[in-house]
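> Before anything else, here's the structure in question.
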Amino acid sequence: MSYTSWRGVVGLIKPTMRTGSLEELIRLLPEGIGVLPLFLRIQRGTEDEFRQVLSAYEEKVDELAEHKVDLIHPEGAPPFMVHGYKGEEEVIRQWEKKHKIPIVTAGMTQVEALKVLKVKKIVGVTYFTGKINDTFSRYFVEAGFDVVAMEGISVAFEDVGRLSSQEVYAHTRKAFLRHPGVEAVYMLGSGWRTLDIISLLEQDLQVPVVHPVPVRVWAIQKRLHVRQPVKGYGRLLEEMP
């Protein structure tokens, strides 16, 4: 371990070659946590592609384990959610047994975040459309949540990062208002650039917003036994429950 990573090193597996979420993560992580990123090349964002990429993830897990990182975090919720909550759990169990290193997926961190926020009834927003949103809903239902809807915004997979945060805010607010009684908003995907609207949405809707990047920061800190709150990105990072 490098002396500059005195609080631990997390190995990341990024599902695409996009910029954005990696920089966001590094900015929000406390000083002293090292980040070692590897990349896959998911390009179409289809369910078939997500199902086929598991072996590529495993190769990257093996590579990070060779570097003796303290934690391995395969990013990208959809490639694991398509295998179901229990299916994902079994995959991770096998990988941890093989390498003796803690491993946590994006979906696992998001389930943990919703549970620690003590919410059950959620509405999700995604940048996918069609039946794949039913797959995402089913994952959270299997994890014990009441998913009232998983509402997608229509955008080409490669153009997600071009959506303005104001567009995503409007989409999210409409989805929330269509479903009275929802206890939290879940935002699926790190592809959109929406950190600036998390606190605004929480203020306006009066419920927690679970966004993958702050959740990732919270979950990494938790596993490395670090507790450094960050203001401005929602309840989870501000309160560090």
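> Can you pull out the helices (runs of 4 or more DSSP H) entirely within segment 188-241 that have at least 2 residues that are basic (Lys, Arg)?
Counting at least 2 such residues, we get 212-223.
> Pull up segment 1-21, narrow it to residues that are surrounded by 15 or more Cβ atoms within 10 Å (Cβ to Cβ), hydroxyl-bearing (Ser, Thr, Tyr) and closer than 22 Å to ARG193 by Cβ, then point me to the one that is nearest to the chain's Cα centre (by Cα). Explain how you work it out, then say what you get.
In the first step, residues of segment 1-21 are kept if they are surrounded by 15 or more Cβ atoms within 10 Å (Cβ to Cβ); the result is 5, 7-16, 18, 20-21.
Those left that are additionally hydroxyl-bearing (Ser, Thr, Tyr): 5, 16, 21.
Add one more test, that the residue is closer than 22 Å to ARG193 by Cβ, and what stays is 16, 21.
Details: THR16: 14, SER21: 10 Å.
This residue is SER21.
The rows are residues; the columns are (1) over 23 Å from ALA143 (Cα atoms); (2) not in a loop (DSSP other than H, G, I, E, B).
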| position | (1), (2) |
| --- | --- |
| PRO30 | yes, no |
| PRO37 | yes, yes |
| ILE42 | yes, no |
| PHE50 | no, yes |
| TYR57 | no, yes |
| ILE72 | no, yes |
| PHE80 | no, yes |
| LYS115 | no, yes |
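> Just a yes or no: is a residue in segment 61-83 free of Cβ contacts under 8 Å to residues at least 12 places away in the same chain, out of contact with any Phe, Trp or Tyr (no Cβ under 9 Å at 6 or more places or on another chain) and over 20 Å from ILE220 (Cα atoms)?
Checking segment 61-83: not a single residue is free of Cβ contacts under 8 Å to residues at least 12 places away in the same chain, out of contact with any Phe, Trp or Tyr (no Cβ under 9 Å at 6 or more places or on another chain) and over 20 Å from ILE220 (Cα atoms).
> Okay, moving on. Listed residues GLU24, GLU88, GLU58; which is modelled with pLDDT of 95 or more, under 19 Å from the mean Cα position of the chain (by Cα), surrounded by 17 or more Cβ atoms within 10 Å (Cβ to Cβ) and over 28 Å from ASP196 (Cβ atoms)?
Working: GLU24 fails: over 28 Å from ASP196 (Cβ atoms); GLU58 fails: surrounded by 17 or more Cβ atoms within 10 Å (Cβ to Cβ).
When all the criteria are applied, what remains is GLU88.
> Residue by residue through segment 130-165, note down the ones that are part of a helix (DSSP H, G or I) and touching a residue at least 24 places away in the same chain (Cβ under 8 Å). Steps first, please.
So the first thing to find is which residues in segment 130-165 are part of a helix (DSSP H, G or I), and the list is 132-142, 157-162, 165.
Passing the criteria: ILE132, THR135, PHE136, ARG138, TYR139, PHE140, GLU142, PHE157, GLU158, VAL160, GLY161, SER165.
The values are calculated or read from the model by the stated rules, or taken from the named source; none is laboratory data. Computed from a predicted structure; not experimentally measured. We place every Cβ from the backbone using ideal geometry, glycine too, and count neighbours over all the protein chains shown.
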